[in-house]
Amino acid sequence: MISKNQIKYIRQLELKKFRKRENCFVAEGPKVVGDLMKRYQPKAVFATDDWHSDNLPDTTALTTITVDELRRISFLQNPQQVLAIFPIPEPNYSLFTNHYSLSLALDGIQDPGNLGTIIRIADWFGIDTIYCSEDTADAYNPKVVQATMGSLAHVHIIYCDLLQLFQTLPPSYPVYGTLLDGSDIYRQTLSQEGIIVMGNEGNGISESVRQRVTHRLLIPNFHHGESAESLNVAIATAITCSEFRRRHTT
């Protein structure tokens, strides 16, 4: 049975300021919770009788609840067996010095669904670090966590000043950006390492960050008549990551 105080506490974790104060976030469903438990130890788990896990640490508090109680604490329209509270991982700033891999930088991504999908895309293409500007949506928002479908367990999320990040890079280190005045991505040389910058849904990459882009890329429009003005940022990220990986598949 779950208490009123526990219900109140969980519901408050929908708010960023409360997540920040408590340094924890909510994940739901067997897939998401199960993947996160492979990397992080949950602080508490609330589950119905039909949920079972071989990965639940003995030290984790497990509260068995009814389906009705799960509905009261869930942020989903259709709750799925289990809700868990996890600690927000400490950002690994040592990754700033890792200049031998491909990573993403998100400049002002606002939509939780887009952010969650981009994290999932990064995981799929083996990109394990995403740098987020301070005005990018919170990766530990319940909507983002669910949209990642467990990929949050496999990708390092680092919130930082992107301009300061770029200052740590070697002078010749490539910074790619998708821009309307860029060159056709399918005709450009793409390296195995670098940072790919993806911009805000409405305004694209901010002017200050744009000035630090060393390689401007364009995903060309193959429709010669009237068509969509632009691609969804998550779709654009998938296309861009796919092209980078395609070039260097052995």
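Some notes on this structure:
- Taking Cα centre as origin and charging only the Cβ of basic (Lys, Arg, +1) and acidic (Asp, Glu, -1) residues, the dipole magnitude of segment 10-118 rounds to 400 debye.
- Free of any GluC sites (Glu not before Pro) that DSSP assigns to a loop and that have at most 10 other C-beta atoms within 10 Å, the longest stretch within the chain is 1-133.
- With the largest listed first and rounded to whole Å, the semi-axes of the equivalent ellipsoid of segment 132-219 from the Cα gyration tensor are 24, 16, 14.
- Labels on offer are (1) 20.2, 65; (2) 19.9, 61; (3) 19.1, 66, and the one holding Rg and Dmax of the Cα atoms in Å computed from this structure is (2).
- Label-point separation, ILE235 to ASP50 (7 Å along Cα→Cβ), nm: 3.6 nm
- Database remark: amide H of PHE25 closer than 5 angstrom to the amide H of PHE86, ILE88 (H placed geometrically; neighbours at sequence offset of 5 or more, or on other chains; Pro and chain starts carry no H).
- 3J(HN,Hα) along segment 65-77, derived from phi through the Karplus expression 6.51 cos²θ - 1.76 cosθ + 1.60 where θ = phi - 60°, amounts to 10, 8, 4, 5, 5, 4, 4, 5, 9, 7, 9, 9, 5 Hz, with x in place of Gly and Pro.
- Where labels lie 7 Å past Cα in the beta-carbon direction, separation of SER3 and ARG246 in nm: 5.7 nm
- Close amide H partners of SER230, meaning residues 5 or more places away or on another chain with modelled amide H under 5 Å apart, do not exist here.
- Accessible surface of the chain [probe 1.4 Å, protein heavy atoms]: carbon and sulfur percent: 49 percent
- Of PHE86, ILE119, VAL33, farthest towards positive along the dipole that unit charges on Lys, Arg, Asp, Glu beta carbons give segment 1-119: PHE86
- Amide hydrogen proximity for SER183: with H placed 1.01 Å from N in the peptide plane, the residues at 5 or more positions away or on another chain lying under 5 Å are ARG216, LEU217, LEU218.
- Normalised per residue, the accessible area of the chain is 53 Å², obtained with a 1.4 Å probe and no contribution from ligands, DNA or RNA.
- Listed pairs LYS4/LYS43; LYS8/LYS143; LYS17/LYS38; LYS8/LYS38 exceeding 24 Å between Cα atoms: LYS17/LYS38; LYS8/LYS38
- When only the Cβ of Lys, Arg, Asp and Glu is charged (+1, +1, -1, -1), the dipole of the chain relative to its Cα centre reaches about 340 debye.
- Cα-based Kirkwood hydrodynamic radius, segment 21-131, one decimal, Å: 15.9 Å
- Restricting segment 76-155 to chymotrypsin sites (Phe, Trp or Tyr not before Pro) in coil, as DSSP defines it, with at most 12 other Cβ within 10 Å: TYR100
- Under the span-like rule (Cα at least 24 Å along the axis, Kyte-Doolittle mean at least 1.6), DSSP H helices of the chain: none
The values are calculated or read from the model by the stated rules, or taken from the named source; none is laboratory data. It should be emphasised that the depicted structure is a prediction, and the values quoted were computed from it without experimental measurement. Virtual Cβ from ideal backbone geometry, glycine too; neighbours counted across all protein chains shown. Just so you know, the surface numbers come from the protein's heavy atoms only, side chains and all, with ligands and any DNA or RNA stripped out. Shrake-Rupley method; radii C 1.70, N 1.55, O 1.52, S 1.80 Å.
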